[in-house]
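Just below is one structure, and these are the notes that go with it.
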């Protein structure tokens, strides 16, 4: 996090934060997908998602270049590793590819955050309040309009969360 970010002072003062992680699978739900639209038109589009809210203790780490460099190398390695290996237009980048002096200068402008989760709560919005006929049509929308892994994940989440999954 940039040292100049106003949140750094707040984190140092309180030592607490809520960290929100959202699923990579979320989806716009068109009102056109609701079967009920044909009956009464009292429908609107929405967004389905899953998220995790974590209450955390936070320690701001300043002036520990060894820790910062390790964190940057690990984070960079994780994200570079997610690049599609079959389609790389250039080799994966490593922090060590940049001049040491350059990295050291940039690290002076950031702080590290060490986060310890104290409690968490999940939130899933997957049309649990909609009648089965509407949800069945939403599942069809996932398959026919979205497709692929996202459709499969949204379909699975919706089926697991709906109170009348047996009717879907």
Practice problem: Would you work out if segment 79-168 is rounded, prolate or oblate? Take a ≥ b ≥ c from the square roots of the eigenvalues of the alpha-carbon gyration tensor; rounded if a/c is under 1.5, else prolate when a/b is larger than b/c, oblate otherwise. | Solution: oblate
Quiz item: For the chain, rounded, prolate or oblate, judged on the Cα gyration tensor with a ≥ b ≥ c (square roots of eigenvalues), a/c < 1.5 rounded, else prolate if a/b > b/c?
Solution: prolate
Quiz item: If you average the sequence gap of Cα pairs under 8 Å that are 6 or more apart and divide by the length of segment 1-90, what percent do you get for the contact order?
Solution: 31 percent
Quiz item: Most fluctuating residue of 71, 157, 82 in a GNM of the chain with Cα springs under 10 Å: which is it?
Solution: 82
Quiz item: Quick one: if you stick a label point 7 Å off each Cα along the C-beta vector at residue 114 and residue 73, how many nm between them?
Solution: 1.8 nm
Quiz item: When the chain is modelled as a GNM with alpha-carbon springs shorter than 10 Å, which of 105, 151, 50 fluctuates the most?
Solution: 105
Exercise. Using only Cα atoms, tell me the angle between helix 132-141 and the longest principal axis of the chain; keep it within 0 to 90° and round to the nearest 10.
Key: 60 degrees
Exercise. Could you tell me whether segment 65-107 comes out rounded, prolate or oblate from its Cα gyration tensor? Rule is a ≥ b ≥ c as square roots of the eigenvalues, rounded for a/c under 1.5, then prolate if a/b exceeds b/c, otherwise oblate.
Key: oblate
Quiz item: When the chain is treated as a GNM, springs tying every alpha-carbon pair under 10 Å, which of 106, 139, 11 comes out with the largest mean-square fluctuation?
Solution: 106
Practice problem: Return one number: the angle in degrees, 0 to 90 and rounded to the nearest 10, between the long axis of the Cα atoms of helix 65-81 and the longest principal axis of the Cα atoms of the chain. | Solution: 40 degrees
Practice problem: Take every Cα pair under 8 Å in the chain that's 6+ residues apart, average their separations, divide by the length, and report that relative contact order as a whole percent. | Solution: 29 percent
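Values quoted throughout were computed directly from the atomic coordinates according to the rules given, and no laboratory measurement underlies them. Owing to the predicted nature of the structure, the values given are computational and were not obtained by experimental measurement. Every residue, glycine as well, gets a Cβ built from its backbone with ideal geometry; the counts of neighbours run over all protein chains shown.
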